1. Could you tally the net charge around Ile176, taking each other residue with its Cβ under 10 Å from the Cβ of Ile176, Lys/Arg +1 and Asp/Glu -1?
2. By how many nm would the segment from Ala126 to Lys231 lengthen if fully extended, with 0.36 nm per residue of separation less the alpha-carbon distance?
3. Ignoring ligands, DNA and RNA, please state the percent of accessible area on segment 148-188 from carbon and sulfur, probe 1.4 Å.
4. Once amide H atoms are built 1.01 Å from N in the peptide plane, which residues 5 or more positions from Lys213, or in another chain, come under 5 Å H to H?
5. Quote the Stokes-Einstein diffusion coefficient, in whole µm² s⁻¹, for segment 119-229, based on the Kirkwood radius over alpha carbon pairs, a temperature of 20 °C and a viscosity of 1.002 mPa s.
6. What's the magnitude of the charge dipole for segment 147-247 around its Cα centre, counting Lys and Arg as +1 and Asp and Glu as -1 at the beta-carbon? Answer in Debye, nearest 20.
Amino acid sequence: MYTFHNTLVKMLLMKETVPFDWSRIWLGEEAPLTFLGEVLFRSVLMYLLILLTLRIMGKRGIKQLSLFEFSIILALGSAAGDPMFYEDVPIMHAVAVFAVILALYVLFNYWTEQSERVETWLEGKATCILEDGEINLSAFKSQKLTYREFFGEMRQYQVEHLGQVRKVYLESTGEISLYFFEESAIKAGLPIFPEVLAQARQEISLIGWYACKSCGHVQELQPTPKHACSKCQQELWLEACRTKRIT
């Protein structure tokens, strides 16, 4: 009841906002013009504090971030941003937040070095999502990837079809690591060019080797209106590609 009463009083005391009040837009209504100088001071101080924090975290803290490290950066951003221009946020409060976050970072790093289970929980682990030219569907779906994202990443490595790739790992940082077949070991695989993937079909008109659009499994098919993949039971197919990889 007390909180509601205070809120009601504040609403009644608020004056009507004038649209396009340039003084309010640029300078605000509560803080004096001289507060801009304090904003400059706060901004420089908090920026230097961010640099110091990242320096303490080391190079690992500014490379591709794990989920744990990314959460720390988000927390630091919030703790650093508010004191830069909110006059009612004391700088020492932000410094205390930085100290706690750094302490947690050091503590969790120690725990991850001591326990593989803790490391996996905090930072995740690498997951094999493709092996011997075929997608591991259970692992693939567990990572909440889309085919568009996955194939787009692979095309960055000049991959034309899955038969060129021996293994793909999704790292804890979200990057993918690819391991290729030797040229002599490349086999038929699912083509991953967007315009080719759009031509997937159920009906098979000519006998030949076809790749399942869902998992990349390659098998020989006879002319038939519909054929289920022996691995994942999906029914969309593309002619398997056998081209060598050009690096």
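The values are calculated or read from the model by the stated rules, or taken from the named source; none is laboratory data. Values in this document were obtained by computation on a predicted structure and should not be read as measured data. Positions of Cβ are backbone-derived with ideal geometry, glycine not excepted, and every protein chain shown enters the neighbour counts. These area figures cover heavy atoms from the full protein model, side chains too; ligands, DNA and RNA do not enter into them. Shrake-Rupley method; radii C 1.70, N 1.55, O 1.52, S 1.80 Å.
1. On the way: positive: none; negative: Glu149, Glu153, Glu171, Glu175.
Taking every other residue near Ile176 into account, the sum is -4.
2. Working: separation 105, 0.36 × 105 = 37.80 nm, distance 2.38 nm.
Result for the pair: 35.4 nm of gain on full extension.
3. Details: 880 of 2210 Å².
Within segment 148-188, the accessible surface is 40 percent carbon and sulfur.
4. Leu236, Trp237, Leu238
5. Numbers: Rh = 14.9 Å.
It diffuses with D of about 144 µm²/s by this estimate.
6. Numbers: 12 positive and 12 negative charges, 36 e Å.
The dipole magnitude comes to about 180 debye.
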